[in-house]
1. Does A:Leu203 satisfy being under 26 Å from A:Asn82 (Cβ atoms), buried (at least 22 other Cβ atoms within 10 Å of the Cβ) and either modelled with pLDDT under 95 or out of contact with any helix residue (DSSP H, G or I) (no Cβ under 6 Å at 6 or more places or on another chain) (or both)?
2. Applying the selection to region B:390-415, what residues are within 14 Å of chain A (Cβ to nearest Cβ) and either farther than 27 Å from B:Arg41 by Cβ or of a type in the set (D, E, K, R) (or both)?
3. I'd like the residue in region A:471-487 that is more than 8 Å from chain B (Cβ to nearest Cβ) and outside any loop (DSSP other than H, G, I, E, B) and, out of all such residues, is nearest to the chain's Cα centre (by Cα).
4. Looking at A:Val294, A:Val304, which one is more than 24 Å from the chain's Cα centre (by Cα) and more than 23 Å from B:Ser113 (Cα to Cα)?
5. Looking only at region A:453-470, count every residue that is surrounded by fewer than 21 Cβ atoms within 10 Å (Cβ to Cβ), assigned to a helix (DSSP H, G or I) and facing another protein chain (nearest Cβ under 8 Å) and tell me the total.
6. Would you point out which residue out of A:Arg178, A:Arg219 is of a type in the set (Lys, Arg), touching a residue at least 24 places away in the same chain (Cβ under 8 Å) and either surrounded by 17 or more Cβ atoms within 10 Å (Cβ to Cβ) or part of a helix (DSSP H, G or I) (or both)?
7. Checking A:Leu255 against (1) in a helix (DSSP H, G or I); (2) closer than 26 Å to A:Ala319 by Cβ, which test does it fail?
8. I want to confirm something. Restricting to region A:186-200 and keeping residues that are outside any helix (DSSP H, G or I) and either buried (at least 22 other Cβ atoms within 10 Å of the Cβ) or of a type in the set (Asp, Glu) (or both), which single residue is farthest from the chain's Cα centre (by Cα)?
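The values are calculated or read from the model by the stated rules, or taken from the named source; none is laboratory data. Fair warning: this is a prediction, and the values are worked out from it, not measured in the lab. Don't worry about glycine lacking a Cβ; one is built from the backbone with ideal geometry, like all the others, and counts go over all protein chains shown.
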2 protein chains.
Amino acid sequence: MNGAQAVVQTLAGCGVTTCFANPGTSEMHFVAALDAVPQLRGVLCLFEGVATGAADGYGRMTDRPAAALLHLGPGLANGVANLHNARRARTPLLAIVGDHATYHKRFDAPLESDIDALAWTVSGWVRRSARSADAPADAADAVAAAQSPPGQVATLILPADVTWTDGGEPAAAVPPRRPALVPDEVIHQVADVLHGGEPATLLLGGTALRRPALEAASRIAEGTGSRLLAETFAARHERGAGIPAIDRLAYFVELAAGQLAGTRQLILAGASAPVSFFAYPGKPSTPVPADCQVHVLAQAGDDVAGALESLADLVAPSAVPSPQPAGRPDLPDGDGNLTAEAAAAVIGALLPDGAVVCDEANTSGLWLPAATAGAPPHDWLSLTGGAIGQGLPLATGAAIASPDRPVLALEADGSAMYTASALWTHAREQLDITTVIFSNRSYAILNMELQRTGAATTGNAARDLLALSRPEIDFTALAAGMGVPASRAATAAEFTTQLRHSLAEPGPHLIEAALAPLR
Amino acid sequence: MNGAQAVVQTLAGCGVTTCFANPGTSEMHFVAALDAVPQLRGVLCLFEGVATGAADGYGRMTDRPAAALLHLGPGLANGVANLHNARRARTPLLAIVGDHATYHKRFDAPLESDIDALAWTVSGWVRRSARSADAPADAADAVAAAQSPPGQVATLILPADVTWTDGGEPAAAVPPRRPALVPDEVIHQVADVLHGGEPATLLLGGTALRRPALEAASRIAEGTGSRLLAETFAARHERGAGIPAIDRLAYFVELAAGQLAGTRQLILAGASAPVSFFAYPGKPSTPVPADCQVHVLAQAGDDVAGALESLADLVAPSAVPSPQPAGRPDLPDGDGNLTAEAAAAVIGALLPDGAVVCDEANTSGLWLPAATAGAPPHDWLSLTGGAIGQGLPLATGAAIASPDRPVLALEADGSAMYTASALWTHAREQLDITTVIFSNRSYAILNMELQRTGAATTGNAARDLLALSRPEIDFTALAAGMGVPASRAATAAEFTTQLRHSLAEPGPHLIEAALAPLR
């Protein structure tokens, strides 16, 4: 068989079941090979950033890599922003990039570019297959690399002649590394810190935000009086009624500093040390108090849950987790204009059991965590790397990974426009995704940042570059144009009716939440 | 003044008048600085690929760089595909990438990535400003680098603290290099080749496809019996009635080989040696006959027109250029289904004098060159680097560069979906752009390539990954949702009426040419 056929069979044998694809000529043999391997499902995306974002969503929900099939350097480049988010999320993800035939590269054809350099900016593992006989083993290595804890982007570059030349045989799956066990010594050191009596905070990230780890962390907090905080942008946070609740570290560094004020011992479990998202004149780069010591209980690639459980057994043997009580906000009444706060209340009131929430609501999302805290258990997927345009693709992949769960994509209008063609894939695959566009007709975050950076001026040229109001974007028209039923809500009552309907009816829907201007 | 203010004033002083922007927090001081410098106009784009493609279109029409303002690594990454096209077009283009503050980078904040590595994949010049006092001179150097013949992408990385720190003073413009004069010796050598009597072809590219060079080349062909061909994908080709006509080298290598069959002497003027766009099993990488000698009259950065004129004076002193006669196709009659061939005839019949055509029609564009050959003089801008998603952004920049000329964006449906949000900028700036979407509901080129690469199979999974028919995309809805008046044409008569109306009425329009399926 040819290299492509052997690679596709190898991937299926390694448990890769989904390939989000935006292929071109150099990927035609790979595409053709899918015909013979129904275990590997191709999902067409109209833009590479949709394919990579979908693979990110899939990987977050399954802890296994999906493939994203990309076309040479420019195709990879279009996918880099969401690969960047996947890198920050530590998602297992396999990027497969077709390239010119090996002998053709020296001719510098129009699509020739430095794929390897591009790939290394977002990948923890990059390999270029040299022969059809090697490609299957390369593919098996790539899957193992992607899955190696804590998960990473692995990029396999497949020259066209490697895919079309005979001589490939399927390779066996390569077992990924297992998470490293945290040494007892480290756990005892952290136990000593917690017994020391100084104000302590555990900052949880990565797999520490899954239920078993959260329950162990909750026992630690109950037993020692230490505080719990979650990293600001979690890849996947299990939350809701019955699961220990945990506040997120704030986005703005001065607010995060307020949350950490008084903490003398900061213990990291699966999270990196906190840092300001951006630098600002006269503001610190980190919210960690100067007199606070930072300890690492477990790094992202470690057995974080196991470390938290061992620590809990040591410092809080008799403590029990403190679950979040069930509770939903009242539905806002009145037929006044819809606000982001009212929309959050509606979402909290209606969020279905087992929902997967893909949150790129940005400024409009401020009220969401509180409004949904006591809703039935759900997963919350955040914008991990700050590269906007993630939400609609992420929902695509999450829905394919979790076909029995409702997916809610909460999107800002500015961010939605980066990868709006994901809606077409929602329609094509009839995914059970309800997209809410928080339409405030502005890059609202930048209006804040213009003030916060001290750059604000009195002129109009700058403000005009942050406005999405001229013309206003009709998201219902965009959605309908791509086959997604859509409606617009201008009042809380309308939003309630439309969200209830969208959640009840299978398949994709879009609601444009036309927000009243902020006062 | 701060670094941003000094940079913006420097850019204005260097003749940079347009900044296509998709800014973020790290660019806020640059954005604010625009308030005080009305000579530098900010044009908001909703996606970085629109900003970079627009800067490409602007640079092709003016031979001066526009700036594209991008937000850190992910923002640059989103712009890379169209920067790749600009690199292949040799367009003068200034990419300005904001970065974290210098002191903040070590904290590895979520948006941190290797901007420099990304930039080098598409730039001929990259610099990272270290201090506000240096940034203005860096900006002046960047403009000069972008303009240095034949034109290139110059990327200036501006850390946030460099923009907000005082100590900047505007820098003087730096004169760009001038095109190199081709030595008389080379011109005489090529003259000897032409006098040698063997079948010769001149392959013209870059600035050799502007009118003065075309007239010199036409004299050479008339005087020596040599043939003229144009590179397949020209950055800007001046053509139409009164200008010497020149066939393009075909896209498919076997067709190009047919055009070059019998040529024993190939002379390059501003063009690279021809190469197959992709490699195919059993097909050559180049269409140049094995027994053909290749000579370089002038490279892209040389004074190509001057070299052609000197050569013409030498080998064809009394010859005169052979202008293309005026002539338009008849308007197709009948109310049958619209075909790509009929649409091309309508375009040829109605193309306005002085039009700028941005051609990303791909397979549907096959009939366009012949149908428009005798239309009034116009510029033809092609997809130079093969990174699709270029046409709508390119038209944006071309329209801003040439406000008195009508712009016609000819788009394939698959390609249009990469950067469709350019339509919003068309509406916002009320640009005189008529967009025609050739909607065949397929990645038609890939259906051909599936055959040509020998990858064709009998299964459905592969074919399904090349189909845009499930669901069909309603481009009139997409356009209306972004503020562009739109209509759909299913017959030649409808297309004629709608194109005539769109060309007559100022401002943006979109026509979805709903093509009948190919038989």
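1. Values: under 26 Å from A:Asn82 (Cβ atoms): yes; buried (at least 22 other Cβ atoms within 10 Å of the Cβ): yes; either modelled with pLDDT under 95 or out of contact with any helix residue (DSSP H, G or I) (no Cβ under 6 Å at 6 or more places or on another chain) (or both): yes.
When the stated conditions are applied, A:Leu203 passes them.
2. Pass one, region B:390-415, residues within 14 Å of chain A (Cβ to nearest Cβ): B:390, B:392-393, B:411-415.
Answer for region B:390-415, where residues must be within 14 Å of chain A (Cβ to nearest Cβ) and either farther than 27 Å from B:Arg41 by Cβ or of a type in the set (D, E, K, R) (or both): B:Glu411, B:Ala412, B:Asp413, B:Gly414, B:Ser415.
3. Within region A:471-487, the first condition is being more than 8 Å from chain B (Cβ to nearest Cβ), and the residues that meet it are A:479, A:484-487.
If we keep only those that are outside any loop (DSSP other than H, G, I, E, B) too, we end up with A:479, A:486-487.
On the way: A:Ala479: 23, A:Ala486: 25, A:Ser487: 26 Å.
The residue in question is A:Ala479.
4. Values: A:Val304 fails: more than 24 Å from the chain's Cα centre (by Cα).
Result of the check over A:Val294, A:Val304: A:Val294.
5. Of the residues in region A:453-470, 3 are surrounded by fewer than 21 Cβ atoms within 10 Å (Cβ to Cβ), assigned to a helix (DSSP H, G or I) and facing another protein chain (nearest Cβ under 8 Å).
6. Working: A:Arg178 fails: either surrounded by 17 or more Cβ atoms within 10 Å (Cβ to Cβ) or part of a helix (DSSP H, G or I) (or both).
Testing whether each residue is of a type in the set (Lys, Arg), touching a residue at least 24 places away in the same chain (Cβ under 8 Å) and either surrounded by 17 or more Cβ atoms within 10 Å (Cβ to Cβ) or part of a helix (DSSP H, G or I) (or both) leaves just A:Arg219.
7. Failing condition for A:Leu255: (2).
8. Residues of region A:186-200 that are outside any helix (DSSP H, G or I), as a first pass: A:196-200.
Restricting the remaining residues to those that are either buried (at least 22 other Cβ atoms within 10 Å of the Cβ) or of a type in the set (Asp, Glu) (or both) gives A:198, A:200.
Details: A:Glu198: 35, A:Ala200: 29 Å.
Selected residue: A:Glu198.
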